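The values are calculated or read from the model by the stated rules, or taken from the named source; none is laboratory data. From a predicted model like this one, the values you see are computed outputs, not experimental measurements. Glycine also receives a Cβ, built like all others from the backbone with ideal geometry; neighbour counts cover every protein chain displayed.
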Amino acid sequence: MVRVVARTLAEATRRVLGSRRRTGRGPAAAEPAQAGDAALAADLEAAIGADRVRSDAAARYLASRDASIYREGNAGPVCYPDSTADVVACVQVAARHGRAVSPRGAGTGLAGGAAPLGRPVVLSMTRMDKLLEIDVDNGVAWVQPGIVNLDLTRALAPHGVHYAPDPSSQAACTIGGNVANNSGGPHCLAYGVTSAHVLAVEVVLSDGSVVTLGDLSAEPVGYDLRGAFVGSEGMCGIATAVAVRLTPDPPAVRTMLLCFDDVSDAAATVSAIIADGIVPAAIEMMDQRCVRAVEDFAQAGYPEDAAAVLLVEVDGPAGGVSIASERIAGIARRYQAMSVRTAADEDERARLWKGRKSAFGAVANVMPDYYLHDTVVPRTRLVEVLESIYEIVDRYDLIVLNVFHAGDGNLHPILAYDSRVPGADERVHAAGREIITMSLDMGGALTGEHGIGVEKREHMSRMFSEVDLDQQARLRASFDPYCRMNPGKVLPSAHSCSDIAALRASDASGVWG
């Protein structure tokens, strides 16, 4: 059975992606693709309207990249559907032309997941940005995939509910992108990541059929195909509507800033809080370099003399919040906290969170470029991990700003650098590879919320066995037997349904290691 699946996928690759061996003819081989693009674009325009299809060089260039440092994306015509029917039409046209399809949200992804490979039809979902229905009584809302995460939360605020996952990019990222990557955020420590807040998804499959995965009942029957779809990075289909869980706003919230003169003490405090049976809504950590960059950028009120700070938030019934915050303050003091401060009002709380969520933008005050990592390590090994990161970065003569979801061990070391300096890119990539290897050696995982994409694709074999990877490939094929949906992502080349060379990602292993 395994051989049959592999043969079918190889045949699909050759048929859909135009897989071919390198012949040495170079650019001449691109001419038929250009001619094919014109016919493809014409059919797409006929299907959804000329005003919603772009095939000029500027549009294709912009759709060829996301927020990662991967630069090898190569888009075909770019479509801007308004409805599920438009998505179906685009998928069907692409299939008739033997072309793959890559969905795209806001392009804030950091692993190359939205970077199209092999000139596929790119579906930019940003026009499908409506809040379709709010059912407060049953705690659910139907939204289109292009709605921005923060816009959804603001729309829900008058109803006394919110959508819990809150990535740092929530002012720009879309719900569709969050579903693709199973995104997290600071408040996912207590509330869970995206998969815990998606009840059902309307999906267009690679043959143009429309299915609904999951349902709104308390105990859905059958396989959890919704769970398999969330986090599949566009490889299983295109989400066109999402039923999200609504979380009641907590009656009380307390936000605390714990400051330390030693990074190790701050890291140890995180483990001690959880070990004491307290699960805050969020525990975020920043080291001194990050704190100083944030203060220069956002004036959030962080003490620049602290070696590290923890931003801790507890919520729930007022009495429980008061008790939990007192216990957290006591733990922090036992671990030599310089100061323990509680936000006095909503304005101060907002400023503290603005500082945390401005961390990535603040890097511009340090260096013009950065590579943001995303791995997960056991909380109990945070001290060792941070020491290892500093050692790796020092060895490669780089600058690191550590900011991460400390409560669940989701690291986000920011390697700041200047790509104009000869050799800087190579040093950054080498350091990044060592950080990934070290995280796995510590018992961690490849990603917490950014996804695998292209960035960590070839590292998958370090975390999963050949049998594991084969099962993942077969699951993907059950959704997309034609290998048309966002090919070349997540699964390493030996298990992917795509010919990586034909997708023009042959350099990816060299770039990402």
Return yes or no: is Ile452 surrounded by 19 or more Cβ atoms within 10 Å (Cβ to Cβ), assigned to a loop (DSSP other than H, G, I, E, B) and touching a Leu at 6+ places or on another chain (Cβ under 7 Å)? yes
Out of (1) more than 28 Å from Ser102 (Cα to Cα); (2) modelled with pLDDT of 95 or more, the one Leu382 does not meet is (2)
Original post:
Do we have any residue at all in segment 61-69 that's in a helix (DSSP H, G or I), among the aliphatic types (A, V, I, L, M) and either outside the structural domain of Glu426 (by TED's automatic domain parsing) or within 20 Å of Ser206 (Cβ to Cβ) (or both)?
Top reply: yes
Expected single match for closer than 22 Å to Arg54 by Cβ, in contact with a Cys (Cβ under 8 Å, 6 or more places away or on another chain) and buried (at least 18 other Cβ atoms within 10 Å of the Cβ) among Ala164, Ala100, Ala114, Ala89 is Ala100
Among the residues of segment 88-113, the number that are within 17 Å of Tyr61 (Cα to Cα), of a type outside the set (Gly, Ala, Ser) and outside any loop (DSSP other than H, G, I, E, B) is 3
Scanning segment 88-121 for residues that are over 19 Å from Val148 (Cα atoms) and β-branched (Val, Ile, Thr) gives Val88, Val91, Val93, Val101, Val121
Ser439 fails exactly one of (1) under 22 Å from Arg289 (Cα atoms); (2) modelled with pLDDT under 95; (3) buried (at least 23 other Cβ atoms within 10 Å of the Cβ), namely (2)
Condition set out of contact with any Gly (no Cβ under 7 Å at 6 or more places or on another chain), outside any loop (DSSP other than H, G, I, E, B) and among the β-branched types (Val, Ile, Thr), scope segment 345-381, selection farthest from Asn402 (Cα to Cα): answer is Thr380
Selection over segment 265-294 where residues are in a helix (DSSP H, G or I) and surrounded by fewer than 24 Cβ atoms within 10 Å (Cβ to Cβ) yields a count of 9
So the strands (runs of 3 or more DSSP E) completely within segment 114-158 holding 3 or more residues that are outside the structural domain of Thr240 (by TED's automatic domain parsing) are 121-124
Scanning segment 53-76 for residues that are farther than 21 Å from Val454 by Cβ and in contact with an Asp or Glu (Cβ under 7 Å, 6 or more places away or on another chain) gives Val53, Ser55
All conditions in (1) under 21 Å from the mean Cα position of the chain (by Cα); (2) surrounded by fewer than 19 Cβ atoms within 10 Å (Cβ to Cβ) are true of Val467 except (1)
(Q) I'd like to know if segment 188-205 contains one or more residues that are without any contact (Cβ under 8 Å) to a residue 24 or more places away in the chain and aliphatic (A, V, I, L, M). (A) no
Flagged pairs (Cβ under 6 angstrom, 6 or more apart or on separate chains; first in segment 328-346, within 15 Å of Glu284 (Cβ to Cβ); second outside any helix (DSSP H, G or I) and among the hydrophobic types (A, V, I, L, M, F, W, C)) are Ile328/Val312; Ala332/Leu258; Ala332/Val340; Arg341/Leu257
| Among the residues of segment 292-305, is there at least one that is of a type in the set (Gly, Ala, Ser) and under 20 Å from Asp166 (Cβ atoms)? | yes
**Message:** When you check Val321 against the structure, is it modelled with pLDDT of 95 or more, surrounded by 18 or more Cβ atoms within 10 Å (Cβ to Cβ) and not in a helix (DSSP H, G or I), yes or no?
**Reply:** no
Residue hits (segment 239-265; farther than 23 Å from Gly192 by Cα, modelled with pLDDT of 95 or more and aliphatic (A, V, I, L, M)) are Leu258
If we keep only residues of segment 218-250 that are buried (at least 16 other Cβ atoms within 10 Å of the Cβ) and of a type in the set (D, E, K, R), then the residue nearest to Ala155 (Cα to Cα) is Arg245
